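Trainee: Here it is, the structure in full.
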Amino acid sequence: MKIISEQLIRSLNISPMQCVEWIYESFQMKKEAQLPAKISVHPTEEDFFTSMPCLLPPSKSNSSKLRFFGIKEVHRIAGAIPSLGSDMLLYNAYNGDLLALMDCDWITTMRTGAVGAVSAKAVRKKNASIYGFIGLGNTARATLLCVLSSEPNMFFNVKLFNYKNQTEQFIERFNQYDNVKFEIVDNIEKLVGTVDVLFSCITSAEGLLVENEKSFESGITVIPIHTRGFQNCDTTFDRIFGDDTNHIKGFKYFSQFHDYNEISEVLDGRDLGRKSDQQRILCYNYGLALHDVVYASKIYEMVADRNLPEIPIIKETEKYYI
């Protein structure tokens, strides 16, 4: 079993554009993958451990390649540094061999950002170029990196909600990109009333972020990456999309969603997506092990031939009795 650290993964310099391409690839195999809904336990009301399994389909291009199964364990513990952490066990599904123990913090951040960028492009209104961000941590950085890198010929006006004094550092991170300009906004209702696409990247929210849902701009696409704070939009927005129905059907207002479908149906061309530039659309990407295991499998193949730290696993070759 190989040990694949976050430091090693970051040293591979995987580009945001590559991250976006892996998301398109993973959504294309969604119908053939086995993707049970994640299971969570809660040491306290806010803390959690969540188990996320996924079996990828066999490779269509090479039947002799590995078939990957992975189970990701993600946790949030208040007061820990970082508060969010994750690891994965990656297996060869053909023979059950445990291939790697992999740190998943970079994977979680970048696949989350890439899914956000892909979803926004799929259902935003025509000529949408004004993007807003609430929460300016690593998830927001990853999202904007994927947005700017995947559409380098498009210019974006990005409005940042002035949150936790992070705006200047956030802007500095993107000083090498020439297809974006920034504006700092102090009023959240002003922000949601003037953007085409809104990303909420805060990890937790108590209550609603915007009390009056009529404050949201006509034609807006709202992507609450950590799903909280927008429940008043669940029953009032024109269309709702999710990354996987089994993962979000337990939401309080799921039965009242208007014109619901999965985002993969749009990406595959089976759903029109946005039906007019006036529709307000909410897109819930709850976070799928499908994306995590695709990323992990790609990374494993990139480093499989390297001399990495390993833990030998010695298995019995004959039946034995205790």
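What follows is calculated from the coordinates using simple rules that are stated; it is not laboratory data. The model shown is predicted, which means the values in this text are computed figures rather than measured ones. Note: ideal-geometry Cβ built from the backbone for every residue, glycine included; neighbour counts use all protein chains shown.
Trainee: Can you sort Arg67, Arg141 so the residue with the fewest Cβ neighbours within 10 Å comes first? Kindly include the intermediate steps, with their values, before the conclusion.
Mentor: On the way: Arg67 16, Arg141 20.
Taking fewest neighbouring Cβ atoms as first place, the list is Arg67, Arg141.
Trainee: Extension gain Asn246-Asp97, at 0.36 nm per residue separation less the Cα-Cα distance, in nm?
Mentor: Numbers: separation 149, 0.36 × 149 = 53.64 nm, distance 2.86 nm.
Here the segment from Asn246 to Asp97 would lengthen by 50.8 nm.
Trainee: For the chain, what is the Kirkwood hydrodynamic radius in Å, using each pair of distinct C-alpha atoms?
Mentor: On the way: mean 1/r = 0.0484 Å⁻¹.
It works out to 20.7 Å.
Trainee: Oh, and also: Just the Kirkwood number for segment 113-284, please: inverse of mean 1/r across all distinct Cα pairs, in Å, one decimal.
Mentor: Values: mean 1/r = 0.0623 Å⁻¹.
That comes to 16.1 Å for segment 113-284.
Trainee: Note the angle between two axes, namely the Cα long axis of helix 138-150 and the longest principal axis of the Cα atoms of the chain, as a number of degrees from 0 to 90, rounded to the nearest 10.
Mentor: With rounding to tens, the tilt is 80 degrees.
Trainee: Another one. Helix 16-28: angle to the longest alpha-carbon principal axis of the chain, degrees 0 to 90, nearest 10?
Mentor: The two axes meet at around 80 degrees.
Trainee: If you take every DSSP beta bridge fully contained in segment 113-284, what fraction is antiparallel? Give it as a percent rounded to 5. Could the numbers behind the result be given before it?
Mentor: Numbers: 0 of 27 bridges.
Antiparallel bridges make up about 0 percent of those DSSP assigns within segment 113-284.
Trainee: How do Ile107, Ile77 line up, fewest other C-beta atoms within 10 Å first?
Mentor: Working: Ile107 26, Ile77 16.
Ranked by crowding around the Cβ, least crowded first: Ile77, Ile107.
Trainee: For the chain, set up a GNM with springs between Cα atoms under 10 Å and report which of Ile223, Ile81, Ile248 has the largest fluctuation.
Mentor: Ile81
Trainee: Right, next: Consider all pairwise Cα distances in segment 60-209 and report the whole-number % of them above 27 Å. All intermediate terms of the calculation are to be shown ahead of the outcome.
Mentor: On the way: 3991 of 11175 pairs.
Every Cα pair in segment 60-209 considered, those over 27 Å come to 36 percent.
Trainee: For the chain, which span is the longest to avoid every loop-located (per DSSP) member of GluC sites (Glu not before Pro) having at most 14 other Cβ atoms inside 10 Å? Intermediate results must be reported in sequence, preceding the final value.
Mentor: Details: sites that count: Glu45, Glu46, Glu206, Glu211, Glu316, Glu318.
Here the longest run is 47-205.
Trainee: In whole angstrom, note down how far apart the Cα centers of segment 1-54 and segment 299-322 are.
Mentor: Centre-to-centre distance over Cα atoms comes out at 21 Å.
Trainee: To check you understand DSSP bridge types, tell me what percent of the beta bridges within segment 38-185 (both residues inside) are antiparallel, rounded to 5. Mind dumping the intermediate values first?
Mentor: On the way: 25 of 35 bridges.
Percent antiparallel among DSSP bridges in segment 38-185 is about 70.
Trainee: Using Cβ counts within 10 Å as a stand-in for footprinting exposure, how do His291, His247 rank, fewest first?
Mentor: Numbers: His291 28, His247 21.
With the sparsest Cβ surroundings first, the list reads His247, His291.
Trainee: Could you give the length gained by full extension between Tyr253 and Met154, i.e. 0.36 nm per residue of separation minus their alpha carbon distance, to one decimal place? Numbers along the way, then the final one.
Mentor: On the way: separation 99, 0.36 × 99 = 35.64 nm, distance 3.57 nm.
Taking Tyr253 through Met154 to full extension adds about 32.1 nm, to one decimal.
Trainee: Can I ask one more? What is the angle, in °, between the Cα long axis of helix 105-123 and the longest principal axis of the Cα atoms in the chain? Nearest 10 is fine, range 0 to 90.
Mentor: Between the helix axis and the principal axis of the chain, the angle is about 50 degrees.
Trainee: Note down the magnitude of the dipole of the chain about its Cα centre, charges +1 on Lys and Arg C-beta and -1 on Asp and Glu C-beta and zero elsewhere, to the nearest 20 debye. Kindly include the intermediate steps, with their values, before the conclusion.
Mentor: Details: 34 positive and 40 negative charges, 114 e Å.
About 540 debye.
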